[in-house]
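Structure, as structure tokens:
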Amino acid sequence: MLCSLTKMNGRTVREFCEMTDFILTIPVVFIIFNRPDTAEKVFNEIKKVRPTKLYLVSDAARDGREEEREKVGKCRHLIESMIDWDCEVIRDYAIKNMGCKNRVSSGISGALKNEESVIILEDDVVPSPDFFPFMQQMLTEYRYEEKVMMVSGTNLLRDYKIKGDYTFSFFSSIWGWGTWNRAWMRYYDPEMKDWADIENKKRLRKVYRNPLAFALFKKDADIVYNGGKDTWDLQWDYCRMKRGALGIVPASNMINNIGFDREDATHTTGMSFEDFSYGSLNLPCRKTEPIEEDLSYDMAYLKKYMGLRRIVNAVRKRLFSGH
């Protein structure tokens with residue numbers, strides 16, 4: 001298999017391919033919209049591993065936005081022009097704008113109707129060379145484990161030392177991730193129709209453990225449930241957590257999010273994020289047993305992202321935005 005010579009952390013993609021005869025057989029779902037510059041950077045990394053099957057998911061421009069319509073067309077054309085290997089390509093292009101919630105969720109559903117599992121990348125998350133082999137190993141190894149519903153390529157706790165090559169958490173990121181038909185098609189509901197069920201809220205209280213963290217999630221969930229925010233990923237968190245299902249988190253971060261603080265970002269405008277440089281894993285990964293929540297990891301996550309710091313950041317953002 002041919003791979004690029006791009007080097008990262010002392011290892012090239014070609015070196016890994018030659019050592020392992022790695023071929024990416026799990027389909028990749030690539031979600032694009034109106035950012036050809038970031039989409040190109042992400043697709044350059046997809047191109048290096050030459051997946052055998054590729055789903056291109058794109059929303060249409062919003063009504064009355066001629067400049068956006070041109071960017072959407074440019075983005076679609078650019079990515080298609082970069083496919084120079086033998087690959088089955090499925091184009092899922094919206095004719096009218098569907099919005100973030102419906103476009104992303106329907107794109108993933110459309111792929112998983114036909115596939116056992118998929119790897120999902122949006123147009124602003126750049127993966128490292130280790131990302132694809134890691135995802136393929138995890139999606140293959142845990143394909144029948146009902147307790148595990150997703151695999152993430154992101155580790156948001158840079159200073160936390162995971163024992164082993166990966167761990168299990170309730171808080172796994174959708175910045176470069178994968179899942180199975182058995183998890184997404186059976187349980188995902190973009191409308192969160194059972195959010196009013198008090199028993200589900202009780203289950204989530206146990207996941208979030210402290211009242212402040214649960215209150216922050218409940219506030220966001222109420223907004224999404226009532227149609228106040230056009231998103232899809234909180235619903236995915238909800239459907240996993242109410243079932244007590246876990247996600248896989250790698251010991252080293254393998255995703256760089258380049259979508260922050262851009263005017264054309266959907267949900268990250270005005271946000272900033274600390275540096276999450278790429279790490280590397282000893283592939284193939286050693287199996288982590290048993291399959292159970294890494295409590296200390298989750299507590300560290302809650303402290304960092306769902307505690308006092310989040311309130312301070314929210315107040316600071318409100319003050320600086322003038323609202």
- Note on the structure: Residue hits (segment 158-169; touching a helix residue (DSSP H, G or I) at 6+ places or on another chain (Cβ under 7 Å) and assigned to a loop (DSSP other than H, G, I, E, B)) are Tyr160, Ile162
- Message: If Asn155 meets every condition in (1) part of a loop (DSSP other than H, G, I, E, B); (2) under 18 Å from Tyr305 (Cβ atoms); (3) in contact with a helix residue (DSSP H, G or I) (Cβ under 9 Å, 6 or more places away or on another chain) apart from one, which number is that one?
- Response: (3)
- Query: Which of the residues that make up segment 66-86 are under 23 Å from the mean Cα position of the chain (by Cα) and under 19 Å from Lys53 (Cβ atoms)?
  - Reply: Arg76, Ile79, Glu80, Met82, Ile83
- Query: All but one of (1) among the aromatic types (Phe, Trp, Tyr); (2) at pLDDT 95 or above; (3) not in a helix (DSSP H, G or I) hold for Phe43; which doesn't?
  - Reply: (3)
- Query: Restricted to segment 170-196, and to residues that are in contact with a strand residue (DSSP E or B) (Cβ under 6 Å, 6 or more places away or on another chain) and not in a loop (DSSP other than H, G, I, E, B), which residue is farthest from Trp232 (Cα to Cα)?
  - Reply: Trp180
- Task: Taking the options Thr167, Thr154, name whichever one is buried (at least 19 other Cβ atoms within 10 Å of the Cβ), in contact with a strand residue (DSSP E or B) (Cβ under 7 Å, 6 or more places away or on another chain), hydroxyl-bearing (Ser, Thr, Tyr) and under 24 Å from Asp59 (Cβ atoms).
- Result: Thr154
- Message: With the requirement that a residue be touching a residue at least 40 places away in the same chain (Cβ under 8 Å) and of a type in the set (Ser, Thr, Tyr), what does segment 32-57 give you?
- Response: Thr38, Tyr55
- Task: Return a yes/no flag: does segment 127-141 have any residue that is closer than 14 Å to Val249 by Cα, part of a loop (DSSP other than H, G, I, E, B) and touching a strand residue (DSSP E or B) at 6+ places or on another chain (Cβ under 7 Å).
- Result: no
- Restricting segment 19-57 to residues that are more than 16 Å from the chain's Cα centre (by Cα) and polar (S, T, N, Q), the one surrounded by the fewest Cβ atoms within 10 Å (Cβ to Cβ) turns out to be Thr25
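Can you pull out the residues in segment 197-219 that are outside any helix (DSSP H, G or I) and modelled with pLDDT under 95? So that I can check it myself, show each step before the final result.
Residues of segment 197-219 that are outside any helix (DSSP H, G or I), as a first pass: 197, 209-210.
Of everything in segment 197-219, those that are outside any helix (DSSP H, G or I) and modelled with pLDDT under 95 turn out to be Arg209, Asn210.
The values are calculated or read from the model by the stated rules, or taken from the named source; none is laboratory data. Source: prediction; values computed, not measured. No Cβ is skipped: glycine too gets one built from the backbone with ideal geometry, and neighbour counts run over all protein chains shown.
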